[in-house]
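Participant: Mind looking over this structure? Questions follow.
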Amino acid sequence: MGNIGALILAAGMATRMGQPKQLIPLDEKPLFRYSVDAAVSAGLKPIILVGGKHVKELRQHVTDIEDIEVIENEKFQTGMASSLKVGIKALTGQADAVVVFLADQPFVHPVVVQKILEIYEFDQKEGVRIIRPVYAGVAGHPVLFDADLFGEFENIQGDEGGKSIIKKHQSHLKAIPFESFEWGMDADTPEDLAKIKEIAPRYAKMMNSLPDMGER
């Protein structure tokens, strides 16, 4: 299958939240750590964490992780595309594919990442280059991109993320349906955060009961 890395986007300005949401505590750890921990648990290497204004604080919260590189995006104010460019550049030559996580999605279930990796292993020979989860009918993250598409990130702009790349390569896209909408929840607004905090204890109990996934 090759080497699959992780890219975690944590440089957003969180204008709708009114505070740096990636650092908001949820069950005694900052929100962004859930995506980092998901990448670590899945055995993804290397892990690239892209920060912006609060990159120093991000670094302080990942000192316990060996296989992670925290990169500052000095152009974070221009939107998500700039963070993707910085992260993909760091991964080029180091990974055969990347799984892109958002820093404000704490409920991505381990089975989602596991399924993405399994499908990539078996379907890349058939031309699959993008794998995306769909939660209760809504497309979400994390999204896998094959290294064949890394060069396309140079052309994205603003806050579009990888949407234009996904649209351009629909014939190489594999969508994975999941029934749980909660797994794809993100914290864009204070209302979203309130819902996430309400769900968090139940989700933590479920996660604690899961068997150890081990490394890939």
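The values are calculated or read from the model by the stated rules, or taken from the named source; none is laboratory data. If you're wondering where the values come from, they're calculated on a predicted model, not measured in any experiment. Every residue, glycine as well, gets a Cβ built from its backbone with ideal geometry; the counts of neighbours run over all protein chains shown.
Participant: Out of all the residues in segment 125-145, is one or more part of a helix (DSSP H, G or I) and modelled with pLDDT under 95? Don't jump to the end; show me each part of the working.
Facilitator: Initially, segment 125-145 is screened for residues part of a helix (DSSP H, G or I), giving 125-126.
With the extra rule that they be modelled with pLDDT under 95, the set shrinks to 125-126.
Taking every residue of segment 125-145 in turn, at least one turns out to be part of a helix (DSSP H, G or I) and modelled with pLDDT under 95.
Participant: Also, I was wondering about something else. Any residue at all in segment 47-60 that's free of Cβ contacts under 8 Å to residues at least 40 places away in the same chain and under 16 Å from the mean Cα position of the chain (by Cα)?
Facilitator: No, there is no match, as no residue in segment 47-60 is free of Cβ contacts under 8 Å to residues at least 40 places away in the same chain and under 16 Å from the mean Cα position of the chain (by Cα).
Participant: Moving to a separate point now. Please find, among GLY43, GLY79, the residue that is at pLDDT 90 or above and on the phi > 0 side of the Ramachandran plot.
Facilitator: GLY43
Participant: As an exercise: evaluate GLN105 against (1) on the phi < 0 side of the Ramachandran plot; (2) free of Cβ contacts under 8 Å to residues at least 40 places away in the same chain and give the number of the one condition it does not meet.
Facilitator: (2)
Participant: Go through (1) within 19 Å of ALA95 (Cα to Cα); (2) touching a Phe, Trp or Tyr at 6+ places or on another chain (Cβ under 7 Å); (3) loosely packed, with under 14 Cβ neighbours inside 10 Å and name the single condition ALA136 misses.
Facilitator: Result: ALA136 fails condition (1) only.
Participant: Contact list please: Cβ distance under 8 Å, first residue in segment 5-34 and under 27 Å from ALA90 (Cα atoms) and among the hydroxyl-bearing types (Ser, Thr, Tyr), second residue modelled with pLDDT of 75 or more and not in a loop (DSSP other than H, G, I, E, B), pairs at least six apart or on different chains.
Facilitator: TYR34/LEU26
Participant: Still on this structure: Going by the structure shown, is ILE199 out of contact with any Lys or Arg (no Cβ under 6 Å at 6 or more places or on another chain) and at pLDDT 95 or above? Before you say what the answer is, go through the steps one by one.
Facilitator: Numbers: out of contact with any Lys or Arg (no Cβ under 6 Å at 6 or more places or on another chain): yes; at pLDDT 95 or above: no.
No, not satisfied.
Participant: Can you tell me which residues in segment 114-142 are closer than 10 Å to LEU173 by Cα and not small (Gly, Ala, Ser)?
Facilitator: Across segment 114-142, the qualifying residues are VAL128, ARG129, ILE130, ILE131, ARG132.
Participant: More than 21 Å from VAL86 (Cα to Cα) and crowded, with 19+ Cβ neighbours inside 10 Å: which single residue out of ILE156, ILE116, ILE130, ILE176 fits that description?
Facilitator: Values: ILE156 fails: more than 21 Å from VAL86 (Cα to Cα); ILE130 fails: more than 21 Å from VAL86 (Cα to Cα); ILE176 fails: crowded, with 19+ Cβ neighbours inside 10 Å.
Exactly one residue qualifies, and that residue is ILE116.
Participant: Another question about this same structure. Being touching a strand residue (DSSP E or B) at 6+ places or on another chain (Cβ under 8 Å), farther than 21 Å from TRP183 by Cβ, surrounded by fewer than 24 Cβ atoms within 10 Å (Cβ to Cβ) and in contact (Cβ under 8 Å) with a residue 40 or more places away in the chain narrows it down to one residue among ALA90, ALA38; which is it?
Facilitator: Just a single option satisfies the conditions, and that option is ALA90.
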